[in-house]
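Asks: First the structure, then my questions, so here it is.
The values are calculated or read from the model by the stated rules, or taken from the named source; none is laboratory data. Owing to the predicted nature of the structure, the values given are computational and were not obtained by experimental measurement. Using ideal geometry, Cβ is built from the backbone for each residue, glycine included, and neighbour counts are taken over all protein chains shown. Side chains included, ligands, DNA and RNA excluded: accessible areas come from the protein's heavy atoms. Shrake-Rupley method; radii C 1.70, N 1.55, O 1.52, S 1.80 Å.
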Amino acid sequence: MTNWKTQSLVDGRWVGSLESDVLNPATGAVVGRVPNNGEAGARAAVDAAAGAFPPWSQTIAKQRGRVLRQWYDNIVAHREQLARLLTAEQGKPLAEARGEIDYAASFVEFYAEESRRIHGETIPSHRKDARILVWRQSIGVCAAITPWNFPAAMVTRKCAPALAAGCTVVLKPAMETPLTALALAQLFPHDLAPAGALNVITGDAAAIGKAWCDDPRVRLVSFTGSTEIGKLLIRQSAETVKKLSLELGGNAPFLVFDDADLDAAVDGAIFSKFRNMGQTCICANRFYVQADIYDRFAETLANRVRDMVVGDGTQEGVTQGPLISVDAVAKVQAHLDDAVAGGARIVCGGKPHDLGGTYFEPTVLADVEPTMRVCREETFGPVAPLICFDHEADAIALANASRSGLAAYFYTRDISRAIRCAEQLEAGMVGVNSPYLSCEAAPFGGVKESGLGREGGRDGIAEFLETKYVLLGGLEAP
Ligand code: NAP
């Protein structure tokens, strides 16, 4: 199956005229065209999902698991084609795209298994003649809205647990990267599930989002994207009192203490900061390095960054692709200008790449102050700003001085410091001597303005379930 469909998928049918271009950020070439749905399309998708909800939620859990398992097998069988499609519309190097397809598939596999482990409880009753039963039931129709930075994994991280829980789904992927989402939907084994169990539409995000928030049949909105749009969805969902699951922006601190394994810290910094060209919600946004090792860390990191190969992600050896758009480049440049104007020093990189387009040089910035935009805001680009600190308490205070709280990282060899800092950092996820937080089995999510709820693991399926308390009375012995 290499002829990917690009229409919308509604009620098991591919519909809509192809109106909006999807561009390759590496070349500017058109890689596909998708429909431009609005309110009517959004409502039609919910009609389909609402129709499919009774049969799908009543399908036995083992069978739902089998359907997901078949979806997983189909994704794995198309790994290479999916990775190439992903790189074509998103720009990340092919090796990273393959990794993302594996990561995306891992959620489908995990929730295929987890569908059978939606357990209730029996609670000791307050009456002799009654029993307290607690059931977990599918919440209903779920709306999923996903971003462009992980076009495959964000789709399966929402749709797989939703479907495993017996929910039906309406999905709207980002307009920069809708093709991977549609391809994943094409690979869903539609013959094994009711038409309308999984629907995908593309188009006007504001109109679709508003229609789904206003619709009382949609019981949950699961969104990954900016904090600004997350707040809008909270406001829009107030009228219908919807459950919201929000994975929003981050501003991750990365602390390096002077007792750390410096090489490991530099390896971690490279992965955390420069994966996906720094366009990752959990990527390190600001580096706090203890004074004694500051210069050595800066130089070692810069040497590694100078070796990075920028180019079209389909080419062998390329480690850094283009940024997603000219707006993304402008934001990175504005953050750098602000820092340099305030006295920061460019150690390497620092400007758009000679390749032109949306390519940007991977950058290390020293002598950064916490008041600069590179520290206060999410840069979402390949810039590593380094700030010097003296004492542990200062580093923790600086790290926590943010309204975001998604991920935090630190490197130390001191076990008591490791526990102390992990406890004190205000973040939903903490990487201690490791940047590899993401996996299908762990609860991914943030505190403060980084979001509500968790994705992945057992917590991830709980988002899609309602708790029902049943009091079974009249049980007195005759
Ligand atoms: P964004 O503008 O918020 O877009 C995300 C999604 O929301 C896209 O599908 C977008 O559609 C849609 N959208 C835009 N306006 C909307 C509206 N008024 N109503 C409903 N949906 C709307 O974010 P982005 O710039 O693409 O993504 C980057 C942000 O996502 C960063 O802040 C990053 O930290 C965050 N992120 C968080 C996580 C996490 O797990 N916490 C993961 C990845 C990214 P269109 O593309 O069609 O406009």
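Asks: Cut-off 12 Å, label point 7 angstrom out along Cα-to-Cβ of Ala40: give me the residues of segment 1-34 whose amide nitrogen falls inside.
Replies: Within reach of a label on Ala40, which here means backbone N under 12 Å from a point 7 Å along Cα→Cβ, segment 1-34 contributes 16-17.
Asks: Compactness ratio of segment 120-202: Cα Rg over 2.2 N^0.38 Å, N = residue count?
Replies: Numbers: Rg = 17.7 Å, N = 83, 2.2 N^0.38 = 11.8 Å.
After normalising by residue count via 2.2 N^0.38 Å, the value is 1.50.
Asks: Same structure, new question: Return the long-range amide H neighbours of Ala284 (sequence gap of 5 or more, or a different chain), with a cut-off of under 5 Å between placed amide H atoms.
Replies: Lys273
Asks: Got a number for the accessible area of Leu23? Probe 1.4 Å, square angstrom, nearest 10.
Replies: 90 Å²
Asks: Would you kindly derive the ³J(HN,Hα) couplings of segment 147-164 from the backbone phi angles with the Karplus curve 6.51 cos²θ - 1.76 cosθ + 1.60 (θ = phi - 60°), listing them in order in whole Hz, with x for Gly and Pro?
Replies: x, 8, 6, 10, x, 9, 5, 5, 6, 6, 5, 9, 5, 5, x, 4, 5, 4
Asks: Now for a separate question. Calculate for the chain the 222 nm mean residue ellipticity that helices alone would give, adding -39,500 (n - 2.57) per DSSP H run of length 4 or more and normalising by residue count, nearest 500 deg cm²/dmol.
Replies: Working: 15 runs with 183 residues, N = 478.
My calculation for the chain gives -12000 deg cm²/dmol from helical runs alone.
Asks: Rounded, prolate or oblate: which fits segment 122-281 when a ≥ b ≥ c are the square roots of the eigenvalues of the alpha-carbon gyration tensor, with rounded for a/c under 1.5 and prolate only if a/b beats b/c?
Replies: Values: a/c = 1.89, a/b = 1.33, b/c = 1.42.
Note, shape of segment 122-281 comes out oblate.
Asks: Would you mind getting me the FRET efficiency between Ala207 and Ala95? Use the beta-carbon distance for r and R0 = 30 Å, nearest 0.05. If you can, show how the numbers build up before the last one.
Replies: Numbers: r = 37 Å, r/R0 = 1.23.
Here the calculated transfer efficiency is 0.20.
Asks: Could you report the accessible area of Thr2 in Å², rounded to 10, computed with a 1.4 Å probe on the protein chains as they sit in the structure?
Replies: Per-residue accessible area (Thr2): approximately 90 Å².
Asks: Quick check: convex hull over the Cα atoms of the chain, volume per residue in Å³, rounded to an integer? Walk me through the numbers on the way to the answer.
Replies: Values: hull volume 72.9 nm³, N = 478.
It is 153 Å³ per residue.
Asks: Still on this structure, I have one more. Multiplying the sequence separation of Lys468 and Arg306 by 0.36 nm and subtracting their Cα-Cα distance, what value in nm do you get? Spell out each step's value before the answer.
Replies: Numbers: separation 162, 0.36 × 162 = 58.32 nm, distance 5.69 nm.
Using 0.36 nm per residue and subtracting the Cα-Cα distance, I get 52.6 nm.
Asks: Per residue of segment 470-476, in order, report the coupling 6.51 cos²θ - 1.76 cosθ + 1.60 (Karplus, θ = phi - 60°) as ³J(HN,Hα) in whole Hz, putting x for Gly and Pro.
Replies: Per residue, the Karplus-derived 3J(HN,Hα) values read 10, 9, 9, x, x, 9, 4 Hz.
Asks: By how many nm would the segment from Gln81 to Glu476 grow when fully extended, if each residue of separation counts as 0.36 nm and the alpha-carbon distance is taken off?
Replies: Numbers: separation 395, 0.36 × 395 = 142.20 nm, distance 6.31 nm.
In short, 135.9 nm is gained.
Asks: Let me ask something else about it. Of the listed pairs Lys172/Lys351; Lys243/Lys448; Lys62/Lys92; Lys92/Lys158; Lys158/Lys448; Lys5/Lys351, which have alpha-carbon separations greater than 29 Å here?
Replies: Details: Lys172/Lys351 34 Å; Lys243/Lys448 17 Å; Lys62/Lys92 36 Å; Lys92/Lys158 22 Å; Lys158/Lys448 21 Å; Lys5/Lys351 38 Å.
Over 29 Å apart, Cα to Cα: Lys172/Lys351; Lys62/Lys92; Lys5/Lys351.
Asks: OK, next. By DSSP, what percent of the beta bridges with both residues in the chain are antiparallel, rounded to the nearest 5? Could you put the intermediate results ahead of the total?
Replies: Numbers: 28 of 67 bridges.
If we restrict to bridges inside the chain, about 40 percent are antiparallel.
Asks: Between Ala29 and Ser434, take the C-beta separation as r, use R0 = 25 Å, and let me know the FRET efficiency to the nearest 0.05. It would help to have the intermediate numbers written out before the result.
Replies: On the way: r = 38 Å, r/R0 = 1.52.
After rounding to 0.05, the efficiency reads 0.10.
Asks: Using modelled amide H (1.01 Å from N, peptide plane; none on Pro or chain starts), what sits under 5 Å from the amide H of Gly203, excluding residues fewer than 5 places away?
Replies: Asn37
Asks: Still on this structure, I have one more. Which net charge results when you count Lys and Arg as +1 and Asp and Glu as -1 among the other residues whose beta-carbon is under 12 Å from that of Ala42?
Replies: Numbers: positive: Arg43, Lys172, Lys210, Arg217; negative: Glu39, Asp47, Asp204, Asp214, Asp215.
So the surrounding residues net to -1.
Asks: Measure nothing fancy, just the Cα-based angle from helix 178-187's long axis to the longest principal axis of the chain, in degrees from 0 to 90, nearest 10.
Replies: Compared with the principal axis, the helix lies near 40 degrees.
Asks: Using heavy-atom solvent-accessible surface (probe 1.4 Å) with all chains present, what is the largest-first order of His78, His353, His126?
Replies: On the way: His78 30, His353 50, His126 125 Å².
The residues order as His126, His353, His78, largest area first.
Asks: Which net charge results for the neighbourhood of Gly12, defined as the other residues with beta-carbon distances under 14 angstrom from its beta-carbon, given Lys and Arg at +1 and Asp and Glu at -1? Before the final figure, lay out each step's value.
Replies: Values: positive: Lys5, Arg13; negative: Asp11, Asp47, Asp191.
The answer is -1.
Asks: Considering only protein heavy atoms, what per residue accessible area in square angstrom results for the chain with a 1.4 angstrom probe? Intermediate results must be reported in sequence, preceding the final value.
Replies: Values: 19040 Å² over 478 residues.
Result: 40 Å² per residue.
Asks: Let me ask you something else. Which of the three applies to segment 355-458, rounded, prolate or oblate, going by the alpha-carbon gyration tensor with a ≥ b ≥ c and a/c under 1.5 meaning rounded? Write out the running numbers ahead of the final one.
Replies: Numbers: a/c = 1.70, a/b = 1.17, b/c = 1.45.
Oblate shape, in that a/c is at least 1.5 and b/c is the bigger or equal ratio.
Asks: Follow-up question, since we're still on this one. How far, in nm, would the chain grow between Val447 and Arg420 when pulled straight, counting 0.36 nm per residue and subtracting the alpha carbon separation? Walk me through the numbers before you get to the answer.
Replies: Values: separation 27, 0.36 × 27 = 9.72 nm, distance 1.84 nm.
So the extension gain works out to 7.9 nm.
Asks: On a C-alpha basis, how far is the centre of segment 356-423 from the centre of segment 84-132 in Å? Whole number, if you could?
Replies: Here the answer is 30 Å between Cα centres.
Asks: Oh, and also: Set the Förster distance to 51 Å, then compute FRET efficiency between Ala341 and Arg413 from the Cβ-Cβ distance, nearest 0.05.
Replies: Working from the Cβ atoms, E equals 0.85.
Asks: Non-local amide H neighbours of Ser450 (under 5 Å, H modeled in plane, Pro and chain starts lacking H): which ones?
Replies: Sorted by chain and number, the residues that satisfy this are Gly405.
Asks: Given the protein chains as shown and a 1.4 Å probe, how many square angstrom of Glu121 are accessible, to the nearest 10?
Replies: 90 Å²
Asks: Over segment 252-432, with a single point scatterer placed on each C-alpha, what log10 of the ratio I(q)/I(0) does the Debye formula yield at q = 0.08 1/Å?
Replies: -0.22
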